[in-house]
Structure formats: C-alpha cells, structure tokens
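These notes are about the structure you will find just below.
The values are calculated or read from the model by the stated rules, or taken from the named source; none is laboratory data. Being a predicted model, the structure only gives us computed values, none of them experimental. All Cβ positions, glycine included, derive from the backbone under ideal geometry; neighbour counts span all protein chains shown. These accessible areas exclude ligands, DNA and RNA; they are computed on the full protein's heavy atoms, side chains included. Shrake-Rupley method; radii C 1.70, N 1.55, O 1.52, S 1.80 Å.
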Amino acid sequence: MQFQNKITIVTGSTRGIGKEIAKAFAQEGATVIILGRNASAADQTRDELLSLGLKADSFACDVTNGANVQEIINKILDKHKSIDILVNNAGITKDNLLLRMSEDDWDEVISINLKGVFNCSKAVAKPMVKARQGKIINISSIIGITGNAGQANYAASKAGIIGFTKSMAKELASRNITINAIAPGYIETDMTAQLKEDTREALLKNIPLGRLGIAKDVAGVCLFLASAEANYITGQTIVVDGGMAI
Ligand code: NDP
C-alpha cells in the first residue's frame, strides 16, 4: 500500500496500458482518476475498479484541449484536494509513409501524443509546485528512440516527449518534482492488435526475451518511478522492450 490515498491521474486509462497502470496504482492504495475522451468508457473503468474495492474517480477529458484539461484538473483539485502523481499515457497512432501522410494525421498525432503531455503537465505543475512534491511519468515509446518507417508522426511525438521530460525535470527539480519517461517496445493492446501476423513474427525474432510485452510490464516500472525508491531519478527514459533495441 505504498501509494495509500495518493491522488493519481492516468490519462487515456479507459483501456490498454493506461487502464493497467491505473489498476496497479489503485491496488497499492492510490485514488486513481480515470481520464479519457469517452465519458461512459471512463465511468465504466472507474466502476470496475470500485467493484474490486479500490478507490477511483473518472472524468471525460480531451488532452488536446488546454482549457478542458485545466477545467478537469480544477474539478479534481476541488474534490480530492491534491494531485500527487500524473501519468501522461494517452496516445494514438496514425501510420503512413511520409509521402502519403496527410497533414491532418500529422497534426492529430502530435496534438494528442505531445501537446497532450504539455497541457496535462502544465495544469498539474502549479499545485505540485505549491505542494513542493510530485511525480510525473510520461509514456513515450521505443519508436521515439529508434524511429520507424511509416511512423514519422508517432516517432516525432514520442521523441518530443523525451526532450520535454528532460526540460521539465530541470525546471521542476528544485520543487521536489521528478519527471521521467518510459519507452515501451511492442505491448499487447488494441494498438498492436492491428499488427499483421507476418509483422508480428518478424518482430518476435528481434525481441531477445521472445515475447511481446504486456501492460503489466509497463505498469510495474510506472509504480517504481512514482515510488520513494526513485526519489533520486529524474529526466530519465526507461526502455521496457524485452531487449529489442539493444
Ligand atoms: P490504446 O489505444 O489501447 O489506449 C489509448 C487510450 O488513450 C485510450 O484510453 C483512449 O481513450 C485514450 N485517448 C486517446 N486520445 C485521447 C485524448 N485526446 N484525450 C484523452 N484520452 C485519449 O493504447 P495503448 O494502451 O496501446 O497505448 C497507451 C500509451 O502507450 C500510448 O501513449 C502509446 O503511444 C504508448 N505505447 C504503446 C505501445 C504498444 O505497443 N501498445 C508501445 C509504446 C508506447 P478514448 O479513446 O476514450 O479517449
């Protein structure tokens, strides 16, 4: 119960990795705030956690909209009084080769994956600075480190998160706020369910640990980075990819 009563926001936690991260924090005693664009999906995830005897709340929030994010953060502060941990997890892919990539697909991916991290971090930084404590964890991707054909928009957004993380770590360290990133490899979720069988087999050949990751692999690292054991770690990106990028 290392996160007893810690108010923990996880963006994009209605399914996939975000949902697993939210559950992992709740199982350690945190009150988790489920955020997603779809209100009924957010409420459903909250209810699932409540039915397990865990503490959770939910709000519909589009991370691309700074005013909406600020409004929701204000509501969370009114109701729960503090924000201890933020996990910036919301993200999408809109893959295509550069010559076929539309401006809309570029903008949408950058807006959700990168601007969303800016909007949410900015909104929680104020109460965290005031409280002189906080932990922010940004979900980047191994693609932000290695790049990938067909994912220029996604790779740029995820590399951007790594630079953002380092800058925020330098800005907020004196206020006892740490900011770190996680760069997962291929994790079994709706996002990777679209992979074709031959692509999946080719991927597996390049993963020394011989399997795709599961959301729990990412959630465990998230708990560590938010824990007291990681108090002296900031501005780092931890790769969770089964050894794929070695
Ligand atoms: P999913 O597609 O399963 O889930 C994405 C979540 O983000 C959903 O809850 C979705 O909810 C939410 N979301 C999307 N857009 C917005 C928005 N504008 N505002 C608020 N919430 C939003 O993705 P994964 O669980 O696979 O991925 C989670 C994160 O991990 C992403 O950042 C992804 O890039 C990263 N990642 C994933 C990897 C993988 O292999 N799966 C590998 C490396 C990184 P809703 O649609 O209701 O808004």
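Here are some notes:
- Of the trypsin sites (Lys or Arg not before Pro) found in the stretch 162-246, those that fall in a DSSP loop while having at most 14 other beta-carbon atoms within 10 Å are Lys196, Arg211.
- If you run the Gaussian network model on the chain, springs between alpha carbon atoms under 10 Å, then out of Val218, Val63, Val129 the most flexible one is Val129.
- Applying the Karplus relation 6.51 cos²θ - 1.76 cosθ + 1.60 with θ = phi - 60° to the stretch 111-127 yields 3J(HN,Hα) values of 5, 6, 6, 10, 5, x, 5, 4, 4, 6, 5, 4, 5, 8, 4, 4, x Hz, where x marks Gly and Pro.
- Choice from Ser58, Ser157, Ser102 with maximal GNM fluctuation in the chain (Cα, 10 Å cutoff): Ser102
- Per residue accessible area in Å² of the stretch 7-240, where ligands, DNA and RNA are left out and the probe is 1.4 Å: 47
- Cα centroid separation, the stretch 1-16 to the stretch 153-204 (Å): 18
- Rounded to the nearest 500, the 222 nm mean residue ellipticity of the chain from helices alone is -14000 deg cm²/dmol, with -39,500 (n - 2.57) taken per DSSP H run of at least 4 residues.
- For the chain, alpha-carbon Rg relative to the globular expectation (2.2 N^0.38 Å, N residues): 0.96
- From the alpha carbon centroid of the stretch 129-148 to that of the stretch 68-127 is 12 Å.
- Positive-end ranking of Ala39, Leu204, Ser167 along the dipole of the chain, with charges on Cβ about the Cα centre, is headed by Ser167.
- FRET efficiency, Asp107 to Leu195 (Cβ-Cβ, R0 22 Å, nearest 0.05): 0.35
- The 3J(HN,Hα) values that the Karplus relation (6.51, -1.76, 1.60; θ = phi - 60°) gives for the stretch 205-219 are, in residue order, 4, 9, 10, x, 7, x, 8, 6, x, 10, 4, 4, 4, 7, 4 Hz. Gly and Pro appear as x.
- Accessible-area composition of the chain, carbon plus sulfur, in percent [1.4 Å probe]: 52
- Top of Pro208, Pro127, Pro184 by mean-square fluctuation, Gaussian network on the chain, Cα under 10 Å: Pro208
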